[in-house]
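Okay, so here's the structure we're looking at.
The values are calculated or read from the model by the stated rules, or taken from the named source; none is laboratory data. Small disclaimer: the values here were computed from a predicted structure and weren't measured. Methodologically, a virtual Cβ is constructed for each residue, glycine included, from the backbone with ideal geometry; neighbour enumeration extends over all protein chains shown. These accessible areas exclude ligands, DNA and RNA; they are computed on the full protein's heavy atoms, side chains included. Shrake-Rupley method; radii C 1.70, N 1.55, O 1.52, S 1.80 Å.
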Amino acid sequence: MTNMIQSAKDQVAALTQAAYERAAAAGVLPAGGEGVKATIEIPKDTAHGDYASSFAMAGAKALHMAPRAIAQAIVDHLELEGSYFNKVEIAGPGFLNFTLGPKWYGDVLSAVEVEGPAYGSGDEGGGRTVMVEFVSANPTGPMHMGNARGGVLGDTLANVLARDGWKVWKEFYVNDAGNQINKFARSIYARYQQIVWKDDTLPFPEDGYQGEDIRELAQALYEECGGDFINEPEEDALFQMAQFGLERNIPKMKEDLKKYGIEYDQWYMESWLHDRGFVADTVQVLTDKGWTYEKDGALWLNTTELLKKKYMAEGRSQEQVDKLDLKDDVLRRANGFYTYFAADIAYHRNKLEERKFDLAINIWGADHHGHVARLQAALDGLGLDGSRRLVIVLMQLVNLLQDGKPVRMSKRTGKAIALHDLLDEISVDAARYYFNNRASSSPLDFDLDLAVRQDSENPVYYVQYAHARICSLVARLAEEDGVAVPAAACVDAAVFATTEELALVKSLAQYPEELHLATRDYDPSRINRYLTALAGDFHRFYNACRLKGEEAAVLAARLKLADTVRSVLANGLNLLGVTAPEKM
RNA sequence: GCGGGCGUAGCUCAGUUGGAUAGAGUGACUGGCUACGAACCAGUAGGUCGGGGGUUCGAAUCCCUUCGCCCGUACCA
């Protein structure tokens with residue numbers, strides 16, 4: 001709950017405003033400065049202080065004075081007594097540069113100590129419920145690199161949301177119905193026939209799944225149940241093939257994801273929606289509301305109108321909307337089967353209406369971006385406000401590199417690298433950190449040759465090393481010198497004098513802000529960047545400042561600082577699902 | 001055509017509400033342990049922020065325009 005950055009910022013704003021009012025009362029500044037919207041930021045260069053206010057520049061127009069003159073009047077009437085700051089300077093075009101004093105540094109250490117593993121938490125969610133649906137890979141084959149990325153992204157996002165006051169539910173949507181299951185069944189059936197007749201030249205579906213895993217499924221089926229399916233009607237045999245394949249694949253997926261550190265609250269079957277008539281019911285509701293029409297024997301959703309309505313509501317002009325190339329969607333095909341889109345609308349109606357989640361977040365591959373707006377619009381059409389209550393985080397795909405050159409991945413041709421194979425090669429820690437190392441909007445290259453031999457290559461080791469180094473340091477001081485980590489109340493932050501110490505405390509204070517931004521932008525890769533930077537600040541501190549042999553007050557303060565860093569590193573790594581080792 | 005993503009150092013990428021001299025990692029080069037963990041640190045070199053225009057005290061960031069790469073635009077899922 002304690003956000004030291006925010007409270008310092010608030011103080012800058014309050015101090016500046018109070019100074020303005022005093023200056024205005026004294027007649028030094030004209031009236032009209034109350035509404036000045038000054039930005040308060042942390043300068044990149046510490047020579048410009050710890051916080052900078054743009055009050056003087058922003059107010060130049062309203063006050064009809066030169067920025068630097070305004071700044072001088074503010075400084076003359078500033079009252080820093082009792083605040084976090086002990087110095088203010090005017091610089092550049094009129095920046096007011098505030099420098100933090102020891103009180104603030106001490107309070108940062110206290111905040112981490114008091115809040116411990118909860119440090120960095122917020123309450124943006126306010127107890128609202130959110131479902132994060134992620135991975136949801138087709139159960140027709142093993143999971144690949146893209147699923148590995150989506151897995152960490154969703155899992156970490158769920159962790160971060162929970163820290164921000166949301167009640168989080170994690171779900172895997174299993175597409176156990178529809179065309180690709182049919183294709184799956186036909187693929188197994190073809191391999192099965194090849195096995196039964198001992199003839200590899202028997203025909204295999206043109207669009208079938210060619211992976212080795214399909215052969216293995218067929219072989220297992222043959223070994224368990226024999227060759228009798230050959231004699232059954234094809235329809236029955238295909239049903240059995242699909243059942244057998246799913247019953248083996250789904251537990252395998254659960255197992256792989258568990259190994260990867262991911263466990264769901266629920267695996268939700270698409271077939272549940274079909275079986276109880278919920279897809280049909282949802283389509284009926286859309287029809288009742290007048291959003292559908294029949295054409296060429298199929299039932300269509302008037303997506304064009306729904307999207308126009310949505311875009312206009314979002315502020316686009318009629319002209320902009322008119323030039324869009326919009327198309328309607330089929331909900332029920334001429335053959336009577338519902339489309340995937342219809343099932344998806346029903347599934348999200350289930351999330352928002354039946355299960356009453358306040359918010360639904362989906363992690364999707366960027367190749368599905370064309371469906372984002374139309375799904376939201378369809379939910380709008382159901383009166384569920386999908387444009388706001390459904391958030392789709394698009395994730396750019398993973399490029400697999402081999403010898404520095406891209407390899408085309410495809411489940412159909414069986415050329416993808418499976419998640420479980422990957423985890424045989426590299427640790428869960430390394431994989432989870434690696435796949436969370438880029439914003440979801442950036443494509444991510446995955447070079448297996450590099451990943452396999454990576455040790456120090458992966459920044460996860462840099463962060464973990466900092467943690468292990470501190471553990472070792474703390475243990476050693478306790479053992480050899482009998483010095484324990486002191487309570488924050490016993491530390492005099494005024495002894496922090498080096499730039500390394502001050503920078504390190506400021507990094508610690510940045511953590512709640514980073515978590516907040518990670519949830520706001522649905523971008524948990526920020527945590528990686530933060531942790532790497534914090535570890536770097538620690539390593540620099542460690543090289544610049546000794547502990548052993550220093551006088552008691554300095555030793556105590558530095559030891560407390562190091563231990564506080566340890567706590568925050570562990571805190572962040574925990575959110576990523578990465579271990580914080582004491583030794584390595 | 002329409003829509004989405006991207007374009008920043010040799011390479012991979014950061015850059016929060018517009019801010020002061022545009023950063024990090026990696027690669028290259030030069031240094032630092034009889035030292036609390038060298039899986040570490042310090043330094044040097046490397047840039048027309050794809051190009052052009054505009055908005056203003058101030059633009060990598062906002063607007064317009066243009067070029068290039070990836071993706072989507074199914075009675076597939």
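At a glance:
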item	result
The range A:16-72: number of residues that are charged (D, E, K, R), open to solvent by 40 Å² or more (accessible area, probe 1.4 Å) and assigned to a loop (DSSP other than H, G, I, E, B)	4
Qualifying position, being farther than 29 Å from A:Gly122 by Cβ and of a type in the set (A, V, I, L, M), among A:Ala475, A:Ala503, A:Ala570	A:Ala475
Some residue of the range A:225-234 being on the phi < 0 side of the Ramachandran plot, open to solvent by 80 Å² or more (accessible area, probe 1.4 Å), part of a helix (DSSP H, G or I) and not charged (D, E, K, R)	yes
Criterion: open to solvent by 30 Å² or more (accessible area, probe 1.4 Å), at pLDDT 95 or above, of a type in the set (S, T, N, Q) and within 11 Å of RNA strand B (Cβ to nearest atom) - qualifying residue of A:Ser427, A:Ser472, A:Ser441	A:Ser472
Candidate set from the range A:73-105 (those that are in contact with a Pro (Cβ under 8 Å, 6 or more places away or on another chain) and assigned to a loop (DSSP other than H, G, I, E, B)); member that is nearest to A:Ala18 (Cα to Cα)	A:Gly94
First in the range A:228-255 and in contact (Cβ under 8 Å) with a residue 24 or more places away in the chain and among the small types (Gly, Ala, Ser), second anywhere and part of a helix (DSSP H, G or I) and surrounded by fewer than 19 Cβ atoms within 10 Å (Cβ to Cβ), Cβ under 9 Å, 6 or more apart	A:Ala237/A:Ile230; A:Ala237/A:Asn231; A:Ala242/A:Asn182
From A:Gly141, A:Gly122, residue being modelled with pLDDT under 95 and either more than 30 Å from A:Leu238 (Cα to Cα) or assigned to a helix (DSSP H, G or I) (or both)	A:Gly122
Test: residue in the range A:144-153 that is surrounded by fewer than 22 Cβ atoms within 10 Å (Cβ to Cβ) and in contact (Cβ under 8 Å) with a residue 40 or more places away in the chain	yes
Among the residues listed as A:Gly106, A:Gly125, A:Gly116, A:Gly141, the single one being within 21 Å of A:His368 (Cα to Cα) and open to solvent by less than 30 Å² (accessible area, probe 1.4 Å)	A:Gly141
Inter-residue pairs, beta-carbon under 8 Å, first among the β-branched types (Val, Ile, Thr) and within 15 Å of RNA strand B (Cβ to nearest atom) and in the range A:362-386, second open to solvent by 40 Å² or more (accessible area, probe 1.4 Å) and not in a helix (DSSP H, G or I), 6+ apart	A:Val372/A:Leu394
From the options A:Tyr522, A:Tyr542, residue that is near RNA strand B (Cβ under 8 Å from one of its atoms), open to solvent by 20 Å² or more (accessible area, probe 1.4 Å) and touching a residue at least 40 places away in the same chain (Cβ under 8 Å)	A:Tyr542
